[in-house]
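Visitor: Okay, handing you the structure first.
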Amino acid sequence: MADADSSSYIHMVHRLIEECLVFNMSKEECMEALSKHANIRPVITCTVWNELEKENKDFFEAYAKGSHERSTEIHKRQRIQSSLNAYMGQNNGESTP
């Protein structure tokens, strides 16, 4: 019976990790979220995540690449917004010809 319980628990952690992936979370963010909201120890989440990575190498490589691209895009937008705010502050909101 203990094997069935641990298998069920691992399956639940697996499904919760898949939910984290839907929300584009990193492994660390997922570990923190499952610890906080599902009372799952980070070492368990990390172990299951690592096994999923081994079994789905191509998926996780693409996921990591997509995460990096999203992060780069967010930083680029923040830099543009910061530049615009600085420009508007220097010109007191007045447009120049």
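Visitor: May I ask you to list the residues in the range 32-59 that are assigned to a helix (DSSP H, G or I) and farther than 14 Å from Ile10 by Cα?
Guide: Glu32, Ala33, Ser35, Lys36, His37, Glu53, Lys54, Glu55, Lys57, Asp58, Phe59, listed by residue number.
Visitor: So, in the range 19-47, how many residues would count as being over 11 Å from the mean Cα position of the chain (by Cα) and either aromatic (Phe, Trp, Tyr) or within 20 Å of Ser67 (Cα to Cα) (or both)?
Guide: Filtering the range 19-47 down to residues over 11 Å from the mean Cα position of the chain (by Cα) leaves 34-47.
Still in the list and also either aromatic (Phe, Trp, Tyr) or within 20 Å of Ser67 (Cα to Cα) (or both): 34, 45-46.
Summing the residues that are over 11 Å from the mean Cα position of the chain (by Cα) and either aromatic (Phe, Trp, Tyr) or within 20 Å of Ser67 (Cα to Cα) (or both) in the range 19-47 gives 3.
Bear in mind that the values in this text are calculations on the coordinates, not laboratory data. Computed from a prediction, not measured in an experiment: that's the story for all the values here.
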